[in-house]
Every structure is written in structure tokens, then in C-alpha cells.
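Readers should treat all values here as calculations from the given coordinates under stated rules, not as data from a laboratory. Keep in mind the model is a prediction, meaning the values are calculated, not measured. Positions of Cβ are generated from backbone atoms using ideal geometry, with glycine treated the same way; all protein chains shown enter the neighbour counts.
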Amino acid sequence: MQFLNNAGCKYIMRCNSTFLAKALKNPHGNDCIITHKFVKTGITLTFRVIRFPISDSTTEILITNILDKFSVAEFKHLYNLRWGIEKTYNCIKNKFDLESFSGTKPVCVLQDFYANLLLYNALAILMYENNKKLAENRDPETKYVYKTNENQAVNKIRENLIKAVMAENSLKRAYLFRKIFKQLQKEVVPVRPNRICDNNRKAKHPFVKFSQNQKY
């Protein structure tokens, strides 16, 4: 936060209720400006704290160095714009197992990192084209708008993209890409606005999120 202030950058950060618990214990309403001294570093910072509900039981807390100009409603809109980026990070990190590296050397880490980015970019292109086609062919009498099931799309990309890239010729490569696209057309889910799902599942490996991808 101090680095961003010194660099002249504006920031908006999401934080949980335990962050600066004492400083946020008794805020003056849902929009207040506080000055807090960090004990470990001795640094004193002034920032704005914004709270707003996102469900009946959940309140989001944002901190920012934008002390005026924007209302709480505008900050809530900015927070919603961030959601697509967070979903991208979640897909790359968790669904593509970004942290499951095939080795510990820098070259192995970089290789796996860029391979995962390539897979995600291919996924994003195929999902965009598929969702556009779903919208064009939508039956107006259906209750919901449908979109590509991202979880299933990740599995299809993992199974078939390498085969397509390594194909012997361009005709076979184009055939495999069309095959992936047709498979994705069958893997769709309805879009349910304002749906909230509680995910209380516990991780199978609480101490190691992703074990090293050993090759035998």
C-alpha cells in the first residue's frame, strides 16, 4: 500500500474481516476514512474503507486510497468489473493446476507456466466462439441463456489440444480443432442470474495444495 502511494498509483483492494481488525472494529458507517499505524513496520497510512452487502449473509470490504470522487455504489460496480479477472486467475491456478510443476528447476517452472497460459488462451478462444454461437442459435422460448461448461471445456482442451498441435499435417490439425469445438457445443450449462452457491467442501490435501507432478 505504501509502495503504491509513493508511486502515485490508485488502488482498490478487497480484504477480509480479520484484516486490520482493530482499526475496522468500529468504522463510521459503510464508508469511512481511517489512519492506521502498522506495528511491525511503524508505517502510518490513511485509506478509505468501504463496505457493502453482496448477499444476505456476506459483506464485502474494500480499501482504497481514492478518498473522494466515487460513491459506494460506484465502488461496488468497479468491484463487479474485477470478477471476470478473478475467474481467470481461478481457472489458470486451480482448474489447470498451475502450481503442479513437473520439476523444481526454473526452466521446468517456466515451461509449465507458459504451457498453462497457452492452454487457457486456447480455452478462452474456443469458449468465446461457442458462446457466441449459442447466443445466435438460442430458442427464444427457453427459460435460460446457456453458456459453455468451463469445467468440461478444461477437460476437453487437456485431452485433445496437444494432439491437435502435434498433428502430422494441417488437415488433421483442423479436423481435431473442429472435433474439440463440436464437443464443447454439447457441454453447456444454464446461466442463472444472482445464483449463490455455498461451497463448504474441504480440501483433500490441506497442507499441500498441489503435489509435484512426478514423471515415471
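Under a 5 Å amide H cut-off, with hydrogens placed 1.01 Å from N, LYS147 pairs with VAL189, VAL191 among residues at least 5 apart or on other chains. Put simply, region 1-106 fits an ellipsoid with semi-axes of 28, 20, 15 Å; these come from the alpha carbon gyration tensor as the roots of five times its eigenvalues, largest first.
Sorting the segments 155-167, 82-94, 133-145 by their mean number of nearby beta carbons within 10 angstrom, highest to lowest, gives 155-167, 82-94, 133-145.
Excluding same-chain neighbours fewer than eight residues apart, the aspartates and glutamates reachable from LYS69 by a Cα-Cα span under 14 Å are ASP31.
Would you mind checking LYS95/LYS182; LYS37/LYS93; LYS95/LYS163; LYS105/LYS179 for any pair whose Cα atoms are more than 27 angstrom apart? Walk me through the numbers before you get to the answer.
On the way: LYS95/LYS182 21 Å; LYS37/LYS93 34 Å; LYS95/LYS163 20 Å; LYS105/LYS179 36 Å.
Correct reply: LYS37/LYS93; LYS105/LYS179.
Amide H contacts under 5 Å for GLU60: PHE52, ILE54, restricted to partners 5 or more places along the chain or on a different chain, H placed in the peptide plane at 1.01 Å from N. Summing charges over all other residues whose Cβ lies under 13 Å from the Cβ of LEU62, with Lys and Arg as +1 and Asp and Glu as -1, gives +3.
Taking a sphere under 13 Å around the Cβ of LEU118 and counting the other residues whose Cβ falls inside, with K and R at +1 and D and E at -1, yields a net charge of 0.
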